[in-house]
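The values are calculated or read from the model by the stated rules, or taken from the named source; none is laboratory data. Keep in mind it's a predicted model, so treat the numbers as computed, not measured. Heads up, the Cβs are rebuilt from the backbone with ideal geometry, glycines too, and the neighbour counts pull from every protein chain shown. Accessible surface is based on the protein model in full, side chains and every heavy atom, while ligands, DNA and RNA are left aside. Shrake-Rupley method; radii C 1.70, N 1.55, O 1.52, S 1.80 Å.
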Amino acid sequence: ESSTYKLDLPVELKQRRLHDNFHVSVLRPYEESDSLLFPDRVKPEPYDFGAPPEAEEFVLSIENHKWAKGVVLFEVHWALGDITWERYSTVSQLKALDDYFALRGVSKWQELPKTR
C-alpha cells in the first residue's frame, strides 16, 4: 500500500506548478459542516485571487496586526493551514477584517494600535 497519493488538481493549480503528489499524513477526508450538530461553526470565507471561483482560497480569520515602516499588516489564517501577513489592500473586502475590527473596538485600520 502506497503512502503517497497523486491528486487530480484543477488546471489553475497545475499552471502554478503545484506538486500533485501528497503524503497520506497531510490528506484528510472532506466533511461538510453540519449546522444542527455544530451551530456556531462557520464556513471559511472565499478570497478571490482573480482565478475562477472553483480555485478560490479560503480565509478563516484575521488574528493580529503589526506596523512595519508605516504600513499595517494583518496576520491571515487560511483554511489550508497557512498563516501569512497581508497588506490592508489585500484584506480590505473580507468579512474577517470586519470581525477583527469589531474585536479590537475600531472601525478602520488607522485606529489600530501601533505594534511591531
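General observations
- The residues of region 77-116 that are assigned to a loop (DSSP other than H, G, I, E, B) and either under 14 Å from the mean Cα position of the chain (by Cα) or of a type in the set (S, T, N, Q) (or both), listed by number, are Ala79, Leu80, Gly81, Asp82, Ser92, Gln93, Leu94, Ser107, Thr115.
- Pick from region 71-115, criterion in contact (Cβ under 8 Å) with a residue 40 or more places away in the chain and within 30 Å of Pro29 (Cβ to Cβ), ranking: surrounded by the fewest Cβ atoms within 10 Å (Cβ to Cβ): Lys95
- For region 41-65, taking the residues that are among the charged types (D, E, K, R) and open to solvent by 60 Å² or more (accessible area, probe 1.4 Å), the one that is modelled with the highest pLDDT is identified as Glu63.
- So Ala102, is it of a type in the set (Gly, Ala, Ser) and at pLDDT 90 or above: yes
- Check on Val11, modelled with pLDDT of 85 or more, of a type in the set (Val, Ile, Thr) and farther than 16 Å from Trp109 by Cα: no
- Enumeration of residues in region 13-34 that are part of a helix (DSSP H, G or I) and open to solvent by 100 Å² or more (accessible area, probe 1.4 Å): Lys14, Gln15
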